[in-house]
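First comes the structure, then the notes that go with it.
No lab work stands behind these numbers, since they all come straight from the coordinates. Worth saying up front: this structure is predicted, and the values here are computed from it rather than measured. All Cβ positions, glycine included, derive from the backbone under ideal geometry; neighbour counts span all protein chains shown.
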Amino acid sequence: MHRIAFVLALCVPVLVAGCSASAQQRVALDPFSSGVLPVAADAEVRGDFATSDAAARFVARMAREHDFAPEVLAGLLSEARREQWIIELMDRQAPRVKRAPNGAWTRYRGKFVTADNIAGGVRFWRAHAATLERAGARYGVPPEYIVAILGVETRYGGYVGTTRTLDALATLAFAYPRRADYFTGELEAFLLMARESGVDPRKPQGSYAGAMGLGQFMPTSFQRYAVDFDDDGVRDLWDTTDAIGSVAHYFKAHGWRSGEPVAVRVSVRSGQGVGALKTGFSSRHGRSTLSAHGVDLDGVPGRGGLSLLALDARGGTEYWVGFENFGVITRYNRSTYYAMAVHQLAAAVRARHGAALAGR
């Protein structure tokens, strides 16, 4: 979903004041033909992107391929703001040289697997139990993993971002050449989403990179995986019911295997060369290979290939093996640490939720 979601997960979120439900943002069946958007009579983009050839080409292509009125789209983009701070923040997220072990996993885990986030997950589960159970039954995804995604992404909807999505995507599409192709596609998908949902495209807010709603879907992920789970005729990323169904559908679409494990911590015997093995969610090793390199697989279920996960924990490396479902979580965010945080938060929320039910 989020090629840049590792960045998003590390950002300090901003609490959104008041209700941000997109139901309040809806203006018409099609906001682009309802008269609510500005019009550039000559179909020329003005404002911050007035000199952008990319913006002009975008207007022409959207008119040609998707039947947007060029004067309306040009008027809309004339109101989009070029946010220099977004460009600077993206530049600071360039890949870093791997450093010596320093406890990075322990610090990362401490951002998400916290007492407050676990308690919040239990409260969210109680409040939306029927919807979570229905999503689990339809898509085969356990409720705790849906809850954990929403907890890591937006603290269960409490932190969905305050950057206007139009500004974020226009800035990155027209003023950030390194990722311009990707974000131009996201801007295209965002405008199609706004037209489909009857939302004024100037209103939605989200992350600085354009991720939106409780599940922080990028617009192309909305197109492919968002579902109308409350059957009101609109796929709404800010609606809790639709968000729950959409996260579950995303997992199912990427190969979630119902009833199968996600990850198991393992011990490693020293002196048998485990350091020579590739690690990370994209690694794949046979059980005999892992065993030959000192990985103790006693009690580890399954027979197929396994990912070897090495976490830079305070006090020494933690080793885990990941199954296919761990790989599915990384499709939401291409980070071993992110997926492990989701897994551990899910386990903690389920344990606390179960204990609370038992104590009734």
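Computed values, structure above
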| quantity | calculated |
| --- | --- |
| Sorted peptide list for 152-158, 55-61, criterion being average Cβ within 10 angstrom, highest first | 152-158, 55-61 |
| Residue-wise HN-Hα coupling along segment 274-290, computed from phi with Karplus coefficients 6.51, -1.76, 1.60 (Hz; x: Gly, Pro) | 4, x, 7, 8, 5, 10, x, 5, 8, 6, 8, 10, x, 4, 5, 5, 4 |
| Tilt relative to the chain, helix 240-253 - C-alpha long axis, 0 to 90 degrees, to 10 | 60 |
| Given (1) 173; (2) 150; (3) 140, the label whose value is volume of the Cα convex hull per residue in Å³ derived from this model | (2) |
| Dipole of the chain [Lys/Arg +1, Asp/Glu -1 at C-beta], most positive-end residue of His128, Phe251, Gly299 | Gly299 |
| Cα centroid of segment 154-177 to Cα centroid of segment 61-83, whole Å | 18 |
| Charged-residue dipole, Cβ positions (Lys, Arg, Asp, Glu), the chain about Cα centre, Debye nearest 20 | 1680 |
| Nitroxide proxy distance, nm - points 7 Å out along Cα→Cβ at Asp296 and Thr317 | 1.7 |
| Angle between the chain longest axis and helix 129-139 axis [Cα atoms, degrees, rounded to 10] | 80 |
| 0 to 90° range, to nearest 10: angle between helix 180-197 axis and the chain longest Cα axis | 70 |
| Extension gain from Ala137 to Glu44, taking 0.36 nm per residue of separation minus the Cα-Cα distance | 28.4 nm |
